[in-house]
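This report refers to the structure that appears directly beneath it.
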Ligand code: ZN
C-alpha cells in the first residue's frame with residue numbers, strides 16, 4: 001500500500017479578490033458541505049450540445065482557479081453526471097484537462113492506495129482515504145463519443161473521488177462518524193461566517 005499526499009479537489013479558501021474575479025470570468029461558485037445538492041444521486045447527461053461543452057469549460061476554469069485537480073458538476077450546483085480533472089498539472093506542469101460525462105468504473109484493482117484527500121466543497125479539511133490503486137473507467141466526451149481508460153495512483157484516486165460526488169458521496173463519508181460530524185460542524189460555522197461577511 002502506497003501512501004501519498006495530494007490536494008484533491010481541495011484548495012485554500014478563495015478570498016474576496018477571488019470571488020470578484022468570478023463574476024468577470026466564467027467561474028462557478030462552489031457549493032460548501034452540507035448542501036442537499038451534494039448528497040443527490042445525479043442524473044445522466046442526455047444532451048450533448050454547445051451548452052454542455054461551455055459548462056465543461058467553465059468547470060475546468062473553476063477547478064484550475066480554485067486551485068484543484070478535480071471538480072464534479074454537483075459541486076457547482078448542476079446535479080448531472082459530469083466531472084473534470086487534471087492531475088498532471090501538479091506533477092510536471094503540462095496541463096492535461098479531462099472532461100468525463102456519465103463516467104462509470106468498469107474494473108477496480110485489488111491493490112489499495114491511501115491518499116490524504118481534500119475537497120473544494122469541504123475547504124481546509126484533509127483525511128486519509130483508502131481506495132483501489134487502479135481503476136478502469138468508461139465515459140463519454142462532450143460530443144457524446146465513448147472512451148475507456150485505466151487510471152492509476154493519483155489519477156485513480158481523483159477519478160473515484162469525483163465519481164463518488166455524482167452519487168452524493170463525499171470523502172468524509174469514509175471517515176468515522178465522530179470525525180465526520182466534527183468536520184460538518186466546522187463547515188456549518190464556515191458557511192455562517194461567510195454569510196455574515
Ligand atoms: Zn470533492
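The values are calculated or read from the model by the stated rules, or taken from the named source; none is laboratory data. It should be emphasised that the depicted structure is a prediction, and the values quoted were computed from it without experimental measurement. Note that we place each Cβ from the backbone using ideal geometry, even for glycine, and neighbour counts take in every protein chain shown.
In the set (1) under 10 Å from the mean Cα position of the chain (by Cα); (2) without any contact (Cβ under 8 Å) to a residue 60 or more places away in the chain, residue 68 fails one condition alone, (2). Of all the residues that make up the range 66-86, how many are under 21 Å from residue 124 (Cα atoms) and within 11 Å of the ligand (Cβ to nearest atom)? Counting residues in the range 66-86 that are under 21 Å from residue 124 (Cα atoms) and within 11 Å of the ligand (Cβ to nearest atom) gives 9.
Tell me whether the range 140-160 contains one or more residues that are surrounded by 18 or more Cβ atoms within 10 Å (Cβ to Cβ), touching a helix residue (DSSP H, G or I) at 6+ places or on another chain (Cβ under 6 Å) and within 22 Å of residue 187 (Cβ to Cβ). No, that holds for no residue.
Total residues in the range 106-120 satisfying the condition of being more than 22 Å from residue 54 (Cβ to Cβ), in contact with a helix residue (DSSP H, G or I) (Cβ under 7 Å, 6 or more places away or on another chain) and within 16 Å of the ligand (Cβ to nearest atom): the figure is 3. Among all residues of the range 108-128, there is none that is surrounded by 21 or more Cβ atoms within 10 Å (Cβ to Cβ), at pLDDT 95 or above, more than 22 Å from residue 67 (Cβ to Cβ) and within 13 Å of the chain's Cα centre (by Cα).
Would you point out the residue of the range 91-104, among those that are within 16 Å of the ligand (Cβ to nearest atom) and in contact with a helix residue (DSSP H, G or I) (Cβ under 8 Å, 6 or more places away or on another chain), that is farthest from residue 135 (Cα to Cα)? Let's see the steps before the verdict.
From the range 91-104, those within 16 Å of the ligand (Cβ to nearest atom) are 98, 100, 103; that's our starting set.
Cutting the leftovers down to in contact with a helix residue (DSSP H, G or I) (Cβ under 8 Å, 6 or more places away or on another chain) gives us 100, 103.
Numbers: 100: 14, 103: 12 Å.
Residue satisfying both the conditions and the ranking: 100.
The set of residues in the range 165-185 being touching a helix residue (DSSP H, G or I) at 6+ places or on another chain (Cβ under 8 Å), within 16 Å of the ligand (Cβ to nearest atom) and more than 15 Å from residue 121 (Cα to Cα) consists of 175 alone. Among the residues of the range 96-120, those identified as part of a loop (DSSP other than H, G, I, E, B) and in contact (Cβ under 8 Å) with a residue 24 or more places away in the chain are 97, 109, 111, 120. Among the residues of the range 29-62, those identified as in contact with a helix residue (DSSP H, G or I) (Cβ under 8 Å, 6 or more places away or on another chain), touching a residue at least 60 places away in the same chain (Cβ under 8 Å) and surrounded by 12 or more Cβ atoms within 10 Å (Cβ to Cβ) are 30, 31, 32, 33, 34, 38, 40, 42, 45.
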